[in-house]
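In what follows, a structure is listed as structure tokens, so that the remarks can point back to it.
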Amino acid sequence: MRDFSQDHRWLSINTATVRKQQGAEVPLARIIDQCAERGIRAISPWRDQVAAAGLDATARQLRAHGMELSGYCRGGFFPAADAAGLRAALDDNRRAIDEAKTLNAACLVLVVGALPGALDGAPHYTDLARARSEVVDGIAASLEYARQVGMPLAIEPLHPMQAADRACINTLEHALDICDALDPQRTGALGVALDVYHVWWDPKLQQQIARAGQERLLAYHVCDWRLPTRDLLSDRGMMGDGVIELKRIRQWVEAAGFAGYAEVEIFSALDWWQRSGDETLDTCIARHRSVV
């Protein structure tokens, strides 16, 4: 396993971690500068942040700092109430693929979606099997275009608590089953984004990480599971402040061939988003070296 204790060469910051600082929204350009000031070599930005900053301007700033993208957030949300909605989702994913390519991202992360309308509290249907079928069809259609432009797609399985509204793919095993069905040759065009917050509890995790192997492990996200968790969406813990066995999971991931960035992704409305970006980033560096 790689030694992270002496530097933070393999630390990436998902920009959700510091998009709010002391309760206020922070422009992406400022986040990039804050990371560059600390020698952080990679980020993973969100599409709405890039849209606000400007795609070309963001690409120029990243190049100026020599900064890489460990991933791009996000594509997905394939299920829809009708045919027009399904087409709109595919169009949006095509745009996301193009944006990721412009920014030279390592992959486009897919939060695949679930029951359409559920995020607003009014699902258009409750047939989870239908939603999962629409997810597979949507990934298959998007993969065809992604192959053409050379942008890998990374399915992110989400914790079962989000099966109804954000992602109906909830285990690494399920995500890999889809990968094997759509990319049986393991070409590297389709894989997974492994976020410890969503999968740490899975009794099959070690086995499925080994199954994924280097070709399927496209991104690796870290944070921690707080006790108590006060909000299931936006109360993630800083690494070392919870119960996830971070070093053990990274050992499994690296044994399977992953040698990329450990990307810190923390949604923390009650804690870290109330602090300064400087404090949060400095803590990320320290915890990357000590507990990741």
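Structure notes:
- Set 84, 100: member being within 22 Å of residue 262 (Cβ to Cβ) and in a helix (DSSP H, G or I): 100
- Condition check for residue 81: more than 14 Å from residue 102 (Cβ to Cβ) and crowded, with 17+ Cβ neighbours inside 10 Å: no
- Filtered residues of the range 131-150 (kept if in contact (Cβ under 8 Å) with a residue 60 or more places away in the chain and either of a type in the set (Lys, Arg) or under 19 Å from residue 194 (Cα atoms) (or both)): 139
- Condition check for residue 143: of a type outside the set (Lys, Arg) and either over 19 Å from residue 87 (Cα atoms) or in contact with a Ser or Thr (Cβ under 9 Å, 6 or more places away or on another chain) (or both): no
- Some residue of the range 280-288 being out of contact with any Gly (no Cβ under 8 Å at 6 or more places or on another chain), surrounded by fewer than 21 Cβ atoms within 10 Å (Cβ to Cβ) and not in a helix (DSSP H, G or I): no
- Residue among 128, 153, 108 that is farther than 18 Å from residue 192 by Cα and either modelled with pLDDT of 95 or more or charged (D, E, K, R) (or both): 128
- Where a residue in the range 245-259 is of a type in the set (Lys, Arg) and its partner, wherever it lies, is assigned to a helix (DSSP H, G or I), with Cβ under 9 Å and at least six apart: 248/206; 250/196
- Any hit, the range 155-165, residues being more than 18 Å from residue 256 (Cβ to Cβ) and in contact with a strand residue (DSSP E or B) (Cβ under 8 Å, 6 or more places away or on another chain): yes
- Exactly one residue out of 54, 85, 39, 76 is in contact with an Asp or Glu (Cβ under 9 Å, 6 or more places away or on another chain) and under 29 Å from residue 189 (Cβ atoms): that is 76.
- Residue within the range 48-56 that is over 18 Å from the mean Cα position of the chain (by Cα), of a type in the set (D, E, K, R) and assigned to a loop (DSSP other than H, G, I, E, B) present: no
- The residue list 116, 123 contains one member that is in a loop (DSSP other than H, G, I, E, B), in contact with a His (Cβ under 8 Å, 6 or more places away or on another chain) and modelled with pLDDT of 95 or more, which is 116.
The values are calculated or read from the model by the stated rules, or taken from the named source; none is laboratory data. All of these numbers come straight from a predicted model, not from anything done at the bench. Positions of Cβ are generated from backbone atoms using ideal geometry, with glycine treated the same way; all protein chains shown enter the neighbour counts.
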